[in-house]
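What follows is calculated from the coordinates using simple rules that are stated; it is not laboratory data. Small disclaimer: the values here were computed from a predicted structure and weren't measured. With ideal geometry, Cβ positions are generated from the backbone for all residues, glycine too; neighbour counts draw on all protein chains shown.
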Amino acid sequence: MAPNPRPIPRFIADSSQEGIAYGRWAERLAESFRAACREIEELPAGVSPPSQIDWYPERAWGGRTWVPATARAEGEAGVVELFGYVSYVRPEDGEAEELRAKADFTDVLAEDNPGWKIDLNDDVIGRWRGEAGMAGEVTLVWGRPLVPGAVAATAELDAETVDQ
């Protein structure tokens, strides 16, 4: 087989192993996520950390596990969506440690955009370094479908599937 002129890593994150967070584990994640929400400097007046958080399937990469989240909150200027993740390290046969959370917000909401088919969030969580100075960003992507019956999203780069 001839060398690939574009050696793009595909499906580099481990697939979900634990499913959606619930119970005491979800509450532990929520504490970290709410703390990150409180640290958002430009958060509109009156917006408080959310009580209800929607968790998405985790992905593992680079020795950490990343659990994406979204939540709605209301402030003086209206509704915003808080989004971000909690990441952690889980030693073999051990409890999760080194929890880190990141959060941001948007006032651009799916219900105000009827043409949207999916409500996506993303954040660059690392870099991939390839041969001869080639590099790429490792991006965590999560969201919810806005089309009935949708079950998966496929990421492509120049018609080449790189994740799903």
Principal-axis tilt of helix 23-38 within the chain, Cα atoms, nearest 10 degrees: 80
Residue exposure sequence - Ser48, Ser32 - by fewest surrounding Cβ within 10 Å: Ser48, Ser32
Order of Leu82, Leu99 under a 10 Å beta carbon neighbour criterion, fewest first: Leu99, Leu82
10 Å Cβ shell holding at most 12 others, DSSP loop, chymotrypsin sites (Phe, Trp or Tyr not before Pro): longest site-free stretch of the chain: 23-164
Listed residues Glu42, Glu111, Glu92, most fluctuating in the chain (Gaussian network, C-alpha, under 10 Å): Glu92
Among Thr65, Thr139, Thr154: highest mean-square fluctuation, GNM of the chain, C-alpha pairs under 10 Å: Thr154
Entry for mean projected area of the Cα convex hull in nm² (calculated from the structure that is shown) out of [x] 14.1; [y] 10.1; [z] 12.8: [z]
Most mobile listed residue (Val124, Val47, Val80) in the chain, GNM with C-alpha springs under 10 Å: Val124
Sorted by Cβ density within 10 Å, fewest first, the residues Asp104, Asp112: Asp112, Asp104
